Amino acid sequence: MPVKPKRPCKQPGCRALTDDGWCDAHRPAPHARYDDRRGSAASRGYNSRWRKARETFLCRHPLCAECERQDRVTAAEVVDHIIPHRGDQALFWDTSNWQSLCRSCHSAKTAAEDGGFGNARAAPAGGGGVKV
């Protein structure tokens, strides 16, 4: 059975040959500490029950709520928690705290809340829609 040829490391200037893109010296550090703290998607409530509820919600609310506020029509792909639940199961399952968003609006909202793209992490707030 043929073996896939090794390729040079993705690190510019590194000539080490590797099977998976990075040599041991240049392999990016995993986000283990963050992931350990955060837990798996299933442990955070994103299980089969969530997938069914999400699909039902998207069928009933097929357009991005933020785009609609800006007079745009975009198909929603994500069910967002307006107020981040941060593990609170009552808030997690409160459908009045859900909104349909397109990926772009959800990414911008999440980055603003979680401190992504150089933004300061937003203080926990209790209300309002997204501000993208």
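The values are calculated or read from the model by the stated rules, or taken from the named source; none is laboratory data. Owing to the predicted nature of the structure, the values given are computational and were not obtained by experimental measurement. Here Cβ is always computed from backbone atoms with ideal geometry, including for glycine, and neighbour counts include all displayed protein chains. Ligands, DNA and RNA are stripped out before the accessible areas are found, and what is left, the full protein with its side chains, is counted by its heavy atoms. Shrake-Rupley method; radii C 1.70, N 1.55, O 1.52, S 1.80 Å.
Within region 32-40, is even one residue in a loop (DSSP other than H, G, I, E, B) and at pLDDT below 95? Yes, there is a match, as at least one residue in region 32-40 is in a loop (DSSP other than H, G, I, E, B) and at pLDDT below 95. If you filter region 82-106 down to residues that are closer than 16 Å to SER43 by Cα and touching a His at 6+ places or on another chain (Cβ under 9 Å), you find that the one that is surrounded by the most Cβ atoms within 10 Å (Cβ to Cβ) is PHE92. Looking across region 83-122, the residues that are at pLDDT 95 or above and assigned to a loop (DSSP other than H, G, I, E, B) come down to ASP94, CYS102. Which of the residues that make up region 63-81 are open to solvent by 70 Å² or more (accessible area, probe 1.4 Å) and either in a loop (DSSP other than H, G, I, E, B) or in contact with a Phe, Trp or Tyr (Cβ under 9 Å, 6 or more places away or on another chain) (or both)? Hits for region 63-81 are GLN70, ASP71, ARG72, VAL73, GLU77. Can you tell me which residues in region 66-99 are of a type in the set (D, E, K, R) and in contact with a helix residue (DSSP H, G or I) (Cβ under 8 Å, 6 or more places away or on another chain)? GLU66, GLU77, ASP80, listed by residue number.
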